[in-house]
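Novice: Here it is: the structure, laid out below.
The values are calculated or read from the model by the stated rules, or taken from the named source; none is laboratory data. As the structure is a prediction and not an experimental result, all values here were calculated from the model. Cβ coordinates were reconstructed from backbone atoms using ideal geometry, including for glycine residues, and neighbour counts include every protein chain displayed. The accessibility values were calculated without ligands, DNA or RNA, using every heavy atom of the protein model including side chains. Shrake-Rupley method; radii C 1.70, N 1.55, O 1.52, S 1.80 Å.
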Amino acid sequence: MKTLTKFIMPLVLSLLAAADAGAQELIANVYGRQTQSLNGKWDAIVDLYDQGRKNKIYLDRKPEGKTDFYEYSFDNGLRLDVPSDWNCQTPELKYYEGTVWYARRFDAPQQAGQRQFLHFGAVSYRCRVYLNGEEIGAHEGGFTPFQIEVTGRLKPEGNFLAVEANNTRTPDAIPAMAFDWWNYGGITRDVMLISVPDTFIEDYFIRLDKDSADRITADVKLSGAAAGTSVGIEIPELNVRETAVTDDKGTASVSFRVKKLERWSPANPKRYRVIVSSDRDRVEERIGFRNIRVEGEDICLNGTPLFLKSVSFHEEIPQRMGRAFSESDAVMLLSEARALGCNMIRLAHYPQNEYIVRLAEQMGFLLWEEIPIWQGIDFANGQTREKAGRMIREMVTRDKNRCALAFWGVANETQPSEARNAFLRHLIGCCREIDDTRLIVAAFDLVRFDRQRQLFVMNDPFIEELDVVAVNKYMGWYHPWPLTPDKAVWDVARGKPLIISEFGGEALYGQHGPADVASSWSEEYQEALYRDNLRMFENIPNLRGVSPWILFDFRSPFRFHPTNQEGWNRKGLVSDQGYRKKAWYLMKAYYDKH
Ligand code: GCB
């Protein structure tokens, strides 16, 4: 074992050391660009002992001379779908944690005056990328996109692209060693080749000013542009045609008032066609405009206090036992949230794919998005902190133009300490540097019952640094009731809005039993637990939203019970097969009433 560790660890560590080398600033709105999809079947080699790099298998050599041989070949072997996790594609990889090599060939017709970038929506968890035998970049973080410029490196035919993907859990990673969901590995989101003009619109942020109902600000960044280049912003439906001029960094800003703006809301998810252009480039997409702010203990959308009827789901299709990655997967997940009567989704516990985010916006869901700072994070480690900062910047950069996004979540269930505070402050700073219009939230599991005061209380001074405080509390499941739910009164984070970001309990769909015995794992127990919690919510004066945990049963190695769980967290309101449990109907009635 010792030798094995000695042998493997340096390889894992060197894979880590490459984190984010070669990755570019993110190009905004990749789905609005000229692209060539690289999705489909890729060839794959499972590399449990991390020997592939040493053997240079990214070179795709074939024996030529009589004495040549290579102990690998991508031909006629394992084939894996991209995007998708590897775990769901073959029984041998169900529990696999380690390295898998992916490879494919593609043609790239030359386009004069164009720059080209490889875009990966996500690779879990870390990877190195090789093109035509050369390492061109690396990335760490399983839920955010990255791009690598390949201008001048592509051949018109027969390019060989190899990806060394590794999902080994390590203490300095995010998430770290244990987390309550499946550690899916692989190229889990779209891969594409993006072509843009040599001077192109790299990024933009177009939004309604935080405190104005009619002033829009647009910041645009051109890559490769000289100072003084002009940039246009058009919103035809609002008769907007503005121009701005770049500075020596390629950035241009303009702020203007609009008349008769219909603001986006869950009831009216109005989005406008917005066109950003320069002399060489043009990109468009639909953007909505809205104001989100905190006033005292209220969360106001477009100036009106709002109660958040939220739910969480993992980026997983339970029936397929694998990651969600396509537009139709997004339809499935979000339709079920719509059926429950939600106006918000807490995307648990990491940035989910853009199909989900964009469709959610179109359907009128507010969103809470977070990076997987989920218990057990090495807060004292400076490198982990930098990594988290990079990750949260990638999340905010990708989704800053999505008006549905109301909350940036910086942490889930962390314990107070100086190291944690400094770490989370860093993350808040990273968000605010890019975007100061969203509300910053974190979820805590520190609420406890104070017997003397006969009140539920929480003590974590960090809540002062947040716009909105969120609490995960499993009354009736992890915590027995100390008094009846109607007497369970909260005095938590007064002066700020509070969201119950998780509550619930497990039930096996179709299993019936006594409503007061947790170990019955029955729908009746879960239903009663929901009834009790909903009663308690009436006693939380600053409660401005609730988010049951969770919409669907999800796969988790935490869950060992041989008959009731079988590797599934059964807190879903909907079963792994897509059936609604009794508690679903109770929650639906609650949301219909609010
Ligand atoms: C939590 C976590 C969530 C778990 C859940 C549970 O507090 O935030 O990720 O899945 O509890 O089911 O225990």
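Novice: Given the options Arg544, Arg570, Arg559, name the one that is among the basic types (Lys, Arg), touching a strand residue (DSSP E or B) at 6+ places or on another chain (Cβ under 6 Å) and closer than 30 Å to Ala178 by Cα.
Specialist: Values: Arg544 fails: closer than 30 Å to Ala178 by Cα; Arg570 fails: touching a strand residue (DSSP E or B) at 6+ places or on another chain (Cβ under 6 Å).
Exactly one of Arg544, Arg570, Arg559 is among the basic types (Lys, Arg), touching a strand residue (DSSP E or B) at 6+ places or on another chain (Cβ under 6 Å) and closer than 30 Å to Ala178 by Cα, namely Arg559.
Novice: I'm trying to understand the selection: among the residues of the stretch 469-507, which are more than 12 Å from the ligand (Cβ to nearest atom), open to solvent by less than 30 Å² (accessible area, probe 1.4 Å) and closer than 30 Å to Pro562 by Cα?
Specialist: Of all residues in the stretch 469-507, those more than 12 Å from the ligand (Cβ to nearest atom) come to 469, 475-476, 480-499, 507.
If we keep only those that are open to solvent by less than 30 Å² (accessible area, probe 1.4 Å) too, we end up with 469, 475-476, 485, 488, 490, 492-493, 497-499, 507.
Of everything in the stretch 469-507, those that are more than 12 Å from the ligand (Cβ to nearest atom), open to solvent by less than 30 Å² (accessible area, probe 1.4 Å) and closer than 30 Å to Pro562 by Cα turn out to be Met475, Gly476, Ala507.
Novice: Go through the stretch 577-588 and report how many residues are buried (at least 20 other Cβ atoms within 10 Å of the Cβ) and outside any helix (DSSP H, G or I).
Specialist: Of the residues in that region, 1 qualify.
Novice: Tally time: how many residues in the stretch 83-103 are of a type outside the set (S, T, N, Q) and out of contact with any helix residue (DSSP H, G or I) (no Cβ under 8 Å at 6 or more places or on another chain)?
Specialist: Pass one, the stretch 83-103, residues of a type outside the set (S, T, N, Q): 83, 85-86, 88, 91-98, 100-103.
Keeping just the survivors that are out of contact with any helix residue (DSSP H, G or I) (no Cβ under 8 Å at 6 or more places or on another chain) gives 83, 85, 91-98, 102.
Number of matching residues: 11.
Novice: Which of the following residues is on the phi < 0 side of the Ramachandran plot, of a type in the set (D, E, K, R), in contact (Cβ under 8 Å) with a residue 40 or more places away in the chain and outside the structural domain of Gln352 (by TED's automatic domain parsing): Glu64, Glu135, Glu71? Explain how you work it out, then say what you get.
Specialist: On the way: Glu64 fails: in contact (Cβ under 8 Å) with a residue 40 or more places away in the chain; Glu71 fails: in contact (Cβ under 8 Å) with a residue 40 or more places away in the chain.
After applying the criteria, what remains is Glu135.
Novice: Name the residue that is most open to solvent (accessible area, probe 1.4 Å), counting only residues in the stretch 302-348 that are among the polar types (S, T, N, Q), away from the ligand (no atom under 16 Å from the Cβ) and within 24 Å of Arg544 (Cα to Cα).
Specialist: The qualifying residue most open to solvent (accessible area, probe 1.4 Å) is Thr304.
Novice: Take the residues of the stretch 526-573 that are of a type in the set (S, T, N, Q) and assigned to a loop (DSSP other than H, G, I, E, B): which is nearest to Glu295 (Cα to Cα)?
Specialist: Let us first name the residues in the stretch 526-573 that are of a type in the set (S, T, N, Q), namely 526, 533, 539, 542, 547, 556, 563-565, 569.
Still in the running and assigned to a loop (DSSP other than H, G, I, E, B): 539, 542, 547, 556, 563-565.
Values: Asn539: 21, Asn542: 12, Ser547: 21, Ser556: 39, Thr563: 48, Asn564: 44, Gln565: 43 Å.
So, considering only residues that are of a type in the set (S, T, N, Q) and assigned to a loop (DSSP other than H, G, I, E, B), the one nearest to Glu295 (Cα to Cα) is Asn542.
Matching residues to (1) away from the ligand (no atom under 16 Å from the Cβ); (2) part of a strand (DSSP E or B); (3) touching a Ser or Thr at 6+ places or on another chain (Cβ under 8 Å):
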{"position": "Arg189", "(1), (2), (3)": "yes, no, no"}
{"position": "Ser212", "(1), (2), (3)": "yes, no, no"}
{"position": "Ile233", "(1), (2), (3)": "yes, yes, yes"}
{"position": "Arg241", "(1), (2), (3)": "yes, yes, no"}
{"position": "Ala267", "(1), (2), (3)": "yes, no, no"}
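Novice: Related question: Suppose the filter is touching a residue at least 60 places away in the same chain (Cβ under 8 Å), buried (at least 18 other Cβ atoms within 10 Å of the Cβ), within 23 Å of Glu297 (Cβ to Cβ) and β-branched (Val, Ile, Thr); does Thr437 pass it? Write out each step before concluding.
Specialist: Working: touching a residue at least 60 places away in the same chain (Cβ under 8 Å): yes; buried (at least 18 other Cβ atoms within 10 Å of the Cβ): yes; within 23 Å of Glu297 (Cβ to Cβ): yes; β-branched (Val, Ile, Thr): yes.
So Thr437 passes the test.
Novice: In addition: So for the stretch 552-561 (the condition being surrounded by fewer than 17 Cβ atoms within 10 Å (Cβ to Cβ), over 25 Å from the mean Cα position of the chain (by Cα) and away from the ligand (no atom under 16 Å from the Cβ)), does at least one residue qualify?
Specialist: Kept after step one, since they are surrounded by fewer than 17 Cβ atoms within 10 Å (Cβ to Cβ), are these residues of the stretch 552-561: 557-558, 560-561.
The next check asks that each one be over 25 Å from the mean Cα position of the chain (by Cα); those that pass are 560-561.
Then keep just the ones that are away from the ligand (no atom under 16 Å from the Cβ); that gives none.
No, that holds for no residue.
Novice: Just need a number here: residues in the stretch 384-417 that are more than 16 Å from the ligand (Cβ to nearest atom), farther than 21 Å from Ser265 by Cα and either assigned to a loop (DSSP other than H, G, I, E, B) or not basic (Lys, Arg) (or both).
Specialist: Residues flagged as more than 16 Å from the ligand (Cβ to nearest atom), farther than 21 Å from Ser265 by Cα and either assigned to a loop (DSSP other than H, G, I, E, B) or not basic (Lys, Arg) (or both) within the stretch 384-417 amount to 11.
Novice: Let me ask you something else. Mind counting the residues in the stretch 450-468 that are in a loop (DSSP other than H, G, I, E, B) and either more than 16 Å from the ligand (Cβ to nearest atom) or open to solvent by 60 Å² or more (accessible area, probe 1.4 Å) (or both)? Even if it seems obvious, please write down each step before you answer.
Specialist: Residues of the stretch 450-468 that are in a loop (DSSP other than H, G, I, E, B), as a first pass: 451-454, 458-460, 466-467.
From what is left, the residues that are either more than 16 Å from the ligand (Cβ to nearest atom) or open to solvent by 60 Å² or more (accessible area, probe 1.4 Å) (or both) are 451-454, 459, 466-467.
Selection size over the stretch 450-468: 7.
Novice: Go through (1) surrounded by 22 or more Cβ atoms within 10 Å (Cβ to Cβ); (2) under 15 Å from Glu465 (Cα atoms) for Ala404 and report which single condition fails.
Specialist: (2)
Novice: Hey, any hits in the stretch 413-426 for a residue that's crowded, with 16+ Cβ neighbours inside 10 Å and on the phi > 0 side of the Ramachandran plot?
Specialist: Yes - at least one qualifying residue is present in the stretch 413-426.
Novice: Let me ask something else about it. Could you tell me which residue of the stretch 508-525 is surrounded by the fewest Cβ atoms within 10 Å (Cβ to Cβ), considering only residues that are in contact (Cβ under 8 Å) with a residue 12 or more places away in the chain and in a helix (DSSP H, G or I)? Steps first, please.
Specialist: Initially, the stretch 508-525 is screened for residues in contact (Cβ under 8 Å) with a residue 12 or more places away in the chain, giving 508-513, 515-516, 518, 521-525.
So of that shortlist, the ones also in a helix (DSSP H, G or I) come out as 518, 523-525.
Values: Ala518: 17, Glu523: 22, Glu524: 19, Tyr525: 26.
Applying the filter and picking the extreme gives Ala518.
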